[in-house]
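Colleague: Could you have a look at this structure, given as structure tokens, before my questions?
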There are 4 protein chains.
Amino acid sequence: MSKISVAVLGATGPIGQRFVQMLEDHPYFDVEGLYASERSEGRRFGDVIKIRDHEFSEETVETKIRTMDIDKISKNVRVVFSGIPSDLAGPTESELAKKGVAVFTNAGAHRMDKHVPILIPEINPDHSESIRQQETYGSGGYIVTNANCSSTGIAMPLCAMENEFGLEQVFVSTYQALSGAGYPGVPSLDAVGNVVPFIDKEEEKMEIELAKILGGYSKAGFEPADIMVMANCARVPVVDGHLESLTLKLGSSPSLDELSSALSGFRGEAQSLKLPSAPDVPIVVRAEKDRPQPVYDALAGSPKRAKGMACTAGRIRESKGYYKMFVLSHNTLRGGAGGSVLNAELFKARGLL
Amino acid sequence: MSKISVAVLGATGPIGQRFVQMLEDHPYFDVEGLYASERSEGRRFGDVIKIRDHEFSEETVETKIRTMDIDKISKNVRVVFSGIPSDLAGPTESELAKKGVAVFTNAGAHRMDKHVPILIPEINPDHSESIRQQETYGSGGYIVTNANCSSTGIAMPLCAMENEFGLEQVFVSTYQALSGAGYPGVPSLDAVGNVVPFIDKEEEKMEIELAKILGGYSKAGFEPADIMVMANCARVPVVDGHLESLTLKLGSSPSLDELSSALSGFRGEAQSLKLPSAPDVPIVVRAEKDRPQPVYDALAGSPKRAKGMACTAGRIRESKGYYKMFVLSHNTLRGGAGGSVLNAELFKARGLL
Amino acid sequence: MSKISVAVLGATGPIGQRFVQMLEDHPYFDVEGLYASERSEGRRFGDVIKIRDHEFSEETVETKIRTMDIDKISKNVRVVFSGIPSDLAGPTESELAKKGVAVFTNAGAHRMDKHVPILIPEINPDHSESIRQQETYGSGGYIVTNANCSSTGIAMPLCAMENEFGLEQVFVSTYQALSGAGYPGVPSLDAVGNVVPFIDKEEEKMEIELAKILGGYSKAGFEPADIMVMANCARVPVVDGHLESLTLKLGSSPSLDELSSALSGFRGEAQSLKLPSAPDVPIVVRAEKDRPQPVYDALAGSPKRAKGMACTAGRIRESKGYYKMFVLSHNTLRGGAGGSVLNAELFKARGLL
Amino acid sequence: MSKISVAVLGATGPIGQRFVQMLEDHPYFDVEGLYASERSEGRRFGDVIKIRDHEFSEETVETKIRTMDIDKISKNVRVVFSGIPSDLAGPTESELAKKGVAVFTNAGAHRMDKHVPILIPEINPDHSESIRQQETYGSGGYIVTNANCSSTGIAMPLCAMENEFGLEQVFVSTYQALSGAGYPGVPSLDAVGNVVPFIDKEEEKMEIELAKILGGYSKAGFEPADIMVMANCARVPVVDGHLESLTLKLGSSPSLDELSSALSGFRGEAQSLKLPSAPDVPIVVRAEKDRPQPVYDALAGSPKRAKGMACTAGRIRESKGYYKMFVLSHNTLRGGAGGSVLNAELFKARGLL
């Protein structure tokens, strides 16, 4: 079976580099080219790598970055993985979709578009149907987004609890990693020994996106779930892995064991279809008193291709009718490039590519 | 007017060192000696300093640490400032009080004792009356505690809002500094590039102490305030300054301007009595979109003696009937040694010493 | 006596901000305006501050940044303190000097010009004579540079040893702070938990500048000192304070006590003239086994105006005919803005302004 | 072929944990037990792990730590890998050797013993002969040490240069990682945003050990190489990977290409015997202007079992008759546990086990 030709946009940034990582030796996809702005034309991929925990193949390291050219790209590939900044992503991704390209993107530009899904295969695989209502669908082109990195991190636990117990209120505070801000991103003088309690539009995104992700879809559009999300977001001096504290009002009163089992037993279509980048266990529950921690848990997930694709929950507690826990997920893998690669795998498995 | 003779217990730790700092050239108090465990007997104070932002006087630097000896100390001083670990503090402080010493302590051991106040002069100065019901009062000895560092940080904003608007629910997540764990405290291998979402008993302390602080006192004992506090606590790689995210349910619906004014206009007995270590403005409200930050705001407060005694609030927002903000305060000054020094100043001003 | 009107160029960067700090309430100088690129026009100085250890006056905080306009500046001020990038500094400073302005600059652009001194008042005050040979001297304008931050840090100890014992070889490795790279400067993804063993042209600068600083001057030009300097430079995740390891071949064989005394006893014209920003003791020698450390020693120096203007030497050792020590100095105070302010003070005291 | 039974001493520390990692699925060795002090008796190995970059097998994670008992251990195993502190290692390792155990140790206690080798298979495999002169050899027991982590890091490049060009003087400054100090090791208050220019006895060790490693051995004992080493050692806030700056006086004047080739072409007996943990290329030379860096290069080495066993050299420069470079190696793999495992592999291959 021949592989599907794909391109990576924004290949020089932290998300783009994670796309390249996830696509190395991929069973479905074959990377046609790595693209970025003109400034990077001709640079070796190896010279821009800022990923500390993955060793790229010699071939990948030697690949030359090329300047994005929408016409050429749309002729050469069926799928584009996009890690470009949101302002650029808006028009670029629309144009690619018009030209018949299936766009799987980490950018926020189209996330709230009427028929564009924020897809997480474990949660809302049927939202993929929304692409049929996109104007460009006739050309074979469409846009599928992965959620914001902070939303993704907690979406699976929230879904598991919504399914089992009902979910009413979510109070979340984030401890977000530096890689979420791209490169060069956060200046070191702001990061070393400090916390910055502000990430532009992040709280608003979380409060809106989670309701869309956990809600329903019909041809009339998306119907947000009736869940109140209240977010406070901050940046901490951690390289990879968003930690989030959760205080939750559920619709019923499970024991901590029941709650824990609902999380660790959670499975979705990504698992039943055995998608290549899907983790066997999407939510790892840790019993230690001091986990999850970014440096130990960011790369949770097996098999190997799914490292960084599981989220980790820990410190599950109950107090005065509320439940509390900490959840961690990898912001540029599950919460970024990995999310979109998994979405494309779902599309392949469902025959939508 | 002659000064009151005081001793510092646990002078080698981060809290003890802040006691020494706050007591340098103090208008009311005169340091008789610095005490610690036998292990430190004879060491120069200068050799144990781990404070990065204060220059101690040559005399202080050259002071020799002495081994704690309760009999001698109780003969020599009227007041003890205690920065010793909680397990040691329990019996030690009781014994000192029995021997007629006024103990102002940062330790948690006696905080929930029936007639021991958790005192914050801006909030509950009348709780000082509780000492009259302590068994040791006849000898002139008693115990007064400052709150846990995380509780203190938000107590003044909570009090200001309770006073003006009523306060029903407090959802708080902490971003706590390393100095809160003492020295050697958190191993660097756990801290660098990491967050640890666990601080032993911290969440329980916050949930209980804040209700006691904000509640009432009568001879029958303390009556906790009817405020629900839900806390998630984590340690971040910051040296000084606890940042906390707050989501609040108030009893009424002030505008953001009214809320901000209630905070910045908050004053208490510490201010009306012009206590030496009291900040002119106890709650600094910052308008910038990305403040408070530990490295810029931990030392908020004026005059000079009150640096680190004000807390800073910022990012005040409203969403779906809840109010959100970030609050920062210095965990070893206002939330530690400074808190107890201010308490002792209140006692002096009220004629209780 | 009326003060001399001065302007600060590049006021939004770390060096520029330190200029503003050093010039607050300065006995000789009065700040006419803070200048930067057009991008910052109209911003409050308070909104760009990235200094963690100094509290600016309310007036300074509220000052509005203005766009650099050479014509206007040269009409309004006698002195310019320049913290602009080197490529911009080249033509800008030349033009200012042509228009009669005395330029004291941190930029490297003119440091190796034939008659431009790299001035350190403790070391080579007579190099100030070189300005008389600058082409612009007739107009009253000239350029005086402070040394590169890494060179400055060790220049005083090297001078003290050269004077007393002769100095033949200097093997130096640097542990340089992040603030030396400006703002935004080093991306946090490169800094957290990492060391970057490369700072563009830094080693070359050290090897050339130190010889010029320690050498002689006659109307024919500068005569570099005959001292071999071998440098290895690296960036470490420290906010302020360059630490440097030194291995030295001296011309004679002093005892460690003699060496230590030569350092701590070192004084120069800055001290004899009692310049306002000159530290009483330019080289602080510490006896502790683990000092100097950036977080404790970067701000060495007294009186208050000279904080950060002394360098600190420690761990003085001897082995196989070589001497070893660590030296620390503040890279944006003594090694940056403070250096140029001290130079201007020398010029004032010598009647050259 | 049955595997050789081995025990790990000090299994709870950073070095011990790396021993466990290196011995997972080892082709020669089979781990009989993990040992530590009585304090850790019965703890799951999984609960003490502080390694961020290796995922241990489920079986390893569940292994219970046992209290060291020399009698029992010596009956059960042929080989002990020792990661215990030096003061304890002295008597413990002697006793084990007396009882017939082959001890491969990271501890410094016996490194300078008359017939104990500091073995690096790429450099001095014949030093293994020295064990025959150890008093305990008759019992089958002996002690073999790996070098101090800082010495190891540069030993292979120094050997390569000594072989090809002669080596006269080595000026080295270290940027050492936190994991080198064990756990809890360096307190975070000393590490965050700081550099500590002192590591007890480290400089002395480097200056003595390197001469022994690079020297000769005859039955009369070790003959140190005639190479002057001058070291300055400092601790930086990096988790793993010692970076070291080198300034070198060679015996001849190779071009930079010749020097680079001598390094990258260096091979030793570890490679010719294809020892399991030996890197194919022991010295990786990087051409980038800003490498090696701890976060990217600490785990250099292939095949997979040899990750962290290669050192990386970069920024090779020449100036005034000296050569300069930066070298990085993994302090707890090549410079610790990995070094001793490689030594034991050499012994196995040479038939000495």
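Colleague: GNM on chain B, C-alpha springs below 10 Å: top fluctuator among B:GLU209, B:GLU122, B:GLU288?
Modeller: With Cα springs under 10 Å in chain B, the top fluctuation among B:GLU209, B:GLU122, B:GLU288 is at B:GLU288.
Colleague: Moving on. State whether the stretch A:1-130 is rounded, prolate or oblate according to the following rule on the C-alpha gyration tensor (a ≥ b ≥ c being the square roots of its eigenvalues): a/c under 1.5 gives rounded; otherwise a/b larger than b/c gives prolate, and the remaining case gives oblate.
Modeller: prolate
Colleague: Another one. Which loop trypsin sites (Lys or Arg not before Pro) in the stretch D:178-233, with loop taken from DSSP, have no more than 15 other Cβ atoms within 10 angstrom of their Cβ?
Modeller: D:LYS201, D:LYS219
Colleague: Sticking with this structure for a sec: With springs only between Cα atoms under 10 Å apart, run a GNM on chain A and tell me which of A:TYR137, A:TYR296, A:TYR323 wobbles the most.
Modeller: Of A:TYR137, A:TYR296, A:TYR323, the most mobile in the Gaussian network model is A:TYR296.
Colleague: Now a separate question. Which FRET efficiency value, to the nearest 0.05, is calculated for D:LYS274 and D:SER5 with the Förster distance at 25 angstrom and r the Cβ-Cβ distance?
Modeller: E(calc), rounded to 0.05, equals 0.60.
Colleague: Let me ask another. Please report, largest first and rounded to whole Å, the three semi-axes of the ellipsoid equivalent to the stretch A:1-66, where each semi-axis is the square root of five times an eigenvalue of the C-alpha gyration tensor.
Modeller: 18, 14, 10
Colleague: Can you tell me, using C-alpha contacts under 8 Å and at least 6 residues apart, the relative contact order of chain A as a whole percent? Working shown, then result.
Modeller: Working: 842 pairs, mean separation 62.7, N = 353.
Contact order relative to length: 18 percent.
Colleague: Size of the dipole of chain B about the Cα centre, Lys and Arg at +1 and Asp and Glu at -1 on the beta carbon, nothing else charged, in debye to 20?
Modeller: Numbers: 38 positive and 45 negative charges, 59 e Å.
Dipole magnitude for chain B comes out near 280 debye.
Colleague: Could you run the Karplus curve 6.51 cos²θ - 1.76 cosθ + 1.60 with θ = phi - 60° over the stretch C:128-137 and give me ³J(HN,Hα) per residue in whole Hz, x for Gly and Pro?
Modeller: 4, 4, 4, 4, 5, 9, 6, 4, 8, 4
Colleague: Quick test of the membrane-span-like rule: which DSSP H helices of chain A reach at least 24 Å along their long axis (C-alpha atoms) with mean Kyte hydropathy at least -1.0?
Modeller: Those that pass (Cα extent of 24 Å or more, hydropathy at least -1.0) are A:149-165.
Colleague: Let me ask something else about it. So for A:PHE104, B:PHE347, fewest C-beta neighbours within 10 Å to most, what's the order?
Modeller: B:PHE347, A:PHE104
Colleague: So what's the net charge close to B:GLY166: Lys and Arg +1, Asp and Glu -1, counting the other residues with Cβ under 11 Å from its Cβ? Each step should come with its number before you reach the end.
Modeller: Values: positive: B:LYS249; negative: B:GLU162, B:GLU164, B:GLU168, B:ASP226.
It works out to a net charge of -3.
Colleague: Also, I was wondering about something else. Go ahead and estimate [θ] at 222 nm for chain A from helices alone: -39,500 (n - 2.57) per DSSP H run with n ≥ 4, summed, over the residue count, rounded to 500.
Modeller: The helix contribution divided over chain A gives -8000 deg cm²/dmol.
Colleague: Which residue, B:GLU162, B:GLU58, B:GLU41, has the most motion in a Gaussian network model of chain B that connects Cα atoms within less than 10 Å?
Modeller: B:GLU58
Colleague: Checking a compactness column here: for the stretch B:149-330, what do you get for Rg(Cα) / (2.2 N^0.38 Å), N being the number of residues? Write down the numbers at each step before the final one.
Modeller: Numbers: Rg = 16.2 Å, N = 182, 2.2 N^0.38 = 15.9 Å.
It is 1.02.
Colleague: Let me know the shape class of the stretch D:260-328, please: from the alpha-carbon gyration tensor, a ≥ b ≥ c as square roots of the eigenvalues, rounded when a/c is under 1.5, otherwise prolate if a/b is greater than b/c, or oblate.
Modeller: Verdict is oblate for the stretch D:260-328.
Colleague: Under 16 Å Cα to Cα from C:LYS201, which lysines show up? Leave out anything in the same chain fewer than 8 places away.
Modeller: Reachable lysines: D:LYS289, D:LYS324.
Colleague: From the Cα trace of the protein assembly as shown, what convex hull volume per residue do you get, rounded to a whole Å³?
Modeller: Values: hull volume 268.7 nm³, N = 1412.
Dividing the Cα hull volume of the protein assembly as shown by its residue count gives 190 Å³.
Colleague: Here's a follow-up. Please report the antiparallel percentage of DSSP beta bridges with both residues in the protein assembly as shown, rounded to the nearest 5.
Modeller: Given both bridge residues lie in the protein assembly as shown, the antiparallel proportion sits at roughly 45 percent.
Colleague: Considering the stretch C:136-212, what Rg and Dmax in Å follow from its alpha-carbon atoms?
Modeller: Calculated on Cα positions, Rg and Dmax stand at 16.4, 52 Å.
Colleague: For the stretch A:1-69, give me the percentage of DSSP beta bridges that are antiparallel, rounded to the nearest 5 percent.
Modeller: 10 percent
Colleague: Would you kindly derive the ³J(HN,Hα) couplings of the stretch D:328-334 from the backbone phi angles with the Karplus curve 6.51 cos²θ - 1.76 cosθ + 1.60 (θ = phi - 60°), listing them in order in whole Hz, with x for Gly and Pro?
Modeller: Result, rounded to whole Hz: 10, 8, 7, 6, 9, 9, 3.
Colleague: Would you list, by chain and number, the aspartates and glutamates whose Cα falls below 14 Å from the Cα of B:LYS219, excluding same-chain residues fewer than 8 positions away?
Modeller: The qualifying aspartates and glutamates are B:ASP113, B:ASP126, B:GLU129, B:GLU135.
Colleague: How big is the antiparallel share of DSSP beta bridges in the stretch C:150-330, given as a percent to the nearest 5?
Modeller: 70 percent
Colleague: While we're on this one: With +1 on each Lys and Arg Cβ and -1 on each Asp and Glu Cβ, how big is the dipole of the protein assembly as shown about its Cα centre, in debye rounded to the nearest 20?
Modeller: 0 debye
Colleague: Take the alpha carbon gyration tensor of the stretch C:82-239, find the square roots of its eigenvalues, order them as a ≥ b ≥ c, and report rounded if a/c is under 1.5; if not, report prolate when a/b exceeds b/c, else oblate.
Modeller: Cα axes put the stretch C:82-239 in the oblate bin.
Colleague: May I ask you to evaluate 6.51 cos²θ - 1.76 cosθ + 1.60, the Karplus curve with θ = phi - 60°, for each residue of the stretch A:110-126 and list the ³J(HN,Hα) values in order in whole Hz, giving x for glycine and proline?
Modeller: Listing the rounded values in order: 9, 4, 9, 4, 4, 10, 9, x, 9, 9, 9, x, 6, 10, 10, x, 6 Hz.
Colleague: Using a simple charge model, +1 on the beta-carbon of Lys and Arg, -1 on the beta-carbon of Asp and Glu, nothing else, what dipole does the stretch B:149-330 show about its Cα centre, in debye to the nearest 20?
Modeller: 440 debye
Colleague: List every residue whose amide H lies under 5 Å from the amide H of B:VAL284, counting only residues 5 or more places away in sequence or on a different chain, with H placed 1.01 Å from N in the peptide plane.
Modeller: Long-range HN contacts for B:VAL284: B:CYS311, B:THR312, B:ALA313.
Colleague: I would also like to ask the following. Can you pull a Stokes-Einstein diffusion coefficient for the stretch D:39-109 at 4 °C (1.567 mPa s), Rh from Kirkwood over Cα pairs, as a whole number of µm²/s? Numbers along the way, then the final one.
Modeller: Working: Rh = 13.5 Å.
Reported coefficient: 96 µm²/s.
Colleague: With equal scatterers on the alpha carbons only and no solvent term, can you work out the Debye log10 of I(q)/I(0) for chain C at 0.07, 0.10, 0.15 1/Å?
Modeller: -0.27, -0.55, -1.29
Readers should treat all values here as calculations from the given coordinates under stated rules, not as data from a laboratory. Quick caveat: nothing in here was measured; it's all calculated off a predicted structure. All Cβ positions, glycine included, derive from the backbone under ideal geometry; neighbour counts span all protein chains shown.
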